[in-house]
Amino acid sequence: MDAGSLSAWAAGCAGFGIAIAFYGATLLPGVGYWDTGEMQTVPYVLGIAHPTGFPLFVLGGWAFAHAVPFGEPAWRLSLFSALASAGAAGCLAVFVADVVAAPLAGVGAAAVFALGDVAWTRGVRAEAHDLALLCVAVALVAAARASRSGSACALAVAALAAGLGLATHPVVALALPGIALVAWRALRTVPVRALVVSGALGAGALVLYAYVPLRSAYVEAHRLDPARALGVTGGAFWDDDAPSTAASFARYVAGTAFHPDRSAADAFAPAGLGRESALALVTVYHEYGYLVLALALTGFTYLAIVWPVAAAGLASIALLDVAFAANFGAESDVARYALGGLWSVAACAGIGAVWLARAIAGDRPGVAAPLGFALLVAGLWPSAPAAAADVARETARADARPLLADVRAYTEPGSLVIASWTFATPLAYRAYVAHALDRTLLCGWPLAYAPRFAAWRRTYGHVYVVVSPRYDVAPFARRVYGNARYTIAETRS
């Protein structure tokens, strides 16, 4: 490492430190609803998550949650994601420092990204997208260094990080063209052997997906899935979709139930382009505000002049992320699919702040660095305070401990509880991680199991459902408790 490299890594450590300080202070305190609860449960018990499996998050989360000796498992897995998201912020600082030799601006850009609404709210809860973003960020830093130095080792790191990203979440595929463009100089100049090694490392990381069918087969062979006692195969959390055979694994890993092919096709239709424009304007402006967006445009212009292929790479990540997110109809939280694009925008803002500061400072280099940093810090207002308020609201809203208390209060011990996905995940944590539910749990829409209610009542005495208040339980159950968030009802004969 030369002095420039050391200063870039120092900037990365500072960017990471800023992010983890804020994330740690606002971390989700316990188990959450929806996918958050799943990502706090499945890794701890080495289960099978919903498609496409997220094997690196599951395996890494299992190791982290069992290695950390403090805090409850739900908190540890939220911390695991927070560290990944903060790591992505640190990588952003390194990227900016590398490109424009301005470590202080890298720290400012990392703060701009980390304290944005989408990054911050997703960085304080268990979230596979955070680890996927870290892999993309590492790949971009390594790709940029490979292009600037011709290092085959850096190119191999970029390929491995990209492969690990794909083993975390398939959304990383949208970043692959951008990573390749940033690495373009290296791809053209390194020896063929280095290209083969890099490709093998990237592809080899996908072997992690073997966890899914192997673990599913083990769960089935040892009857670990509690849903099997109810005559249900492929139950959530332990063996979601039962992907143990070649055919079922192919459907599972492709996520065909969520129709990603339809989303990709819609992205090029006129209506899809309209949705993309609307999402980009709302998300990026809400995340950063006018000053940061102006700096980002300035930085993109600078990159387009001095390193056009890298500018195209960052732009492609942002555009592809937004195009897919805006048209992914199966997703209720589309903003998290834009994390890679928001990272790219923050990187351009850091570069733009340096270019503008140097133009203003002229022959006073000691002025340019703090001026660029000051511009980025100024860009944090008012978006960062608004994000902090949103984080507080979202953290309170995501805290599922009231549900756990209400289920305990309004249902009988030993009964069967059928809960829709949003509410089943924290109950699964209570049942399989904390071992404190004292009820049998089944995840699904209640009416799908209506023909079995009578038999289950004979076995369990009582059968309850936990659903959204919008779900009409009157035809088959009597309401025993409800609030604005959920309804608890007992099925009738």
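Here is how the numbers come out for the structure above:
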quantity	calculated
Meets criteria (closer than 16 Å to ALA89 by Cβ and either surrounded by fewer than 24 Cβ atoms within 10 Å (Cβ to Cβ) or without any contact (Cβ under 8 Å) to a residue 40 or more places away in the chain (or both)) for ARG336	yes
Residue match in the stretch 166-175 (condition: without any contact (Cβ under 8 Å) to a residue 12 or more places away in the chain and not basic (Lys, Arg))	yes
Residue ID - modelled with the lowest pLDDT, chosen from residues in the stretch 208-260 that are polar (S, T, N, Q) and assigned to a helix (DSSP H, G or I)	THR256
Exclusive hit being in contact (Cβ under 8 Å) with a residue 24 or more places away in the chain and either among the polar types (S, T, N, Q) or outside the structural domain of TRP62 (by TED's automatic domain parsing) (or both), set ALA474, ALA424, ALA455, ALA436	ALA424
Single condition GLY352 does not satisfy, out of (1) in contact (Cβ under 8 Å) with a residue 24 or more places away in the chain; (2) under 21 Å from the mean Cα position of the chain (by Cα)	(2)
Failed item in (1) under 24 Å from the mean Cα position of the chain (by Cα); (2) surrounded by fewer than 17 Cβ atoms within 10 Å (Cβ to Cβ), with CYS135 passing the rest	(2)
Segments classed as helices (runs of 4 or more DSSP H), wholly inside the stretch 1-111, with at least 3 members that are out of contact with any Cys (no Cβ under 6 Å at 6 or more places or on another chain), buried (at least 22 other Cβ atoms within 10 Å of the Cβ) and aromatic (Phe, Trp, Tyr)	3-25
Candidates SER316, SER244, SER277 - the one that is polar (S, T, N, Q) and surrounded by fewer than 21 Cβ atoms within 10 Å (Cβ to Cβ)	SER277
Hits in the stretch 289-336 - residues which are in contact with a Leu (Cβ under 8 Å, 6 or more places away or on another chain), over 21 Å from SER147 (Cα atoms) and not hydrophobic (A, V, I, L, M, F, W, C)	THR298, ASP321
Every residue from the stretch 129-157 that is hydrophobic (A, V, I, L, M, F, W, C) and farther than 11 Å from ALA186 by Cα	LEU131, ALA132, LEU133, LEU134, CYS135, VAL136, ALA137, VAL138, ALA139, LEU140, VAL141, VAL157
Some residue of the stretch 160-170 being assigned to a helix (DSSP H, G or I), surrounded by fewer than 19 Cβ atoms within 10 Å (Cβ to Cβ) and in the same structural domain as VAL334 (by TED's automatic domain parsing)	yes
SER468 being among the hydroxyl-bearing types (Ser, Thr, Tyr), closer than 26 Å to ASP241 by Cα, in contact with a strand residue (DSSP E or B) (Cβ under 6 Å, 6 or more places away or on another chain) and not assigned by TED's automatic domain parsing to the domain that holds LEU27	no
Failed condition for ALA63, given (1) closer than 30 Å to GLY352 by Cβ; (2) of a type in the set (A, V, I, L, M, F, W, C); (3) over 14 Å from the mean Cα position of the chain (by Cα)	(1)
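The values are calculated or read from the model by the stated rules, or taken from the named source; none is laboratory data. This is a predicted model, so every value here is computed, not measured. Heads up, the Cβs are rebuilt from the backbone with ideal geometry, glycines too, and the neighbour counts pull from every protein chain shown.
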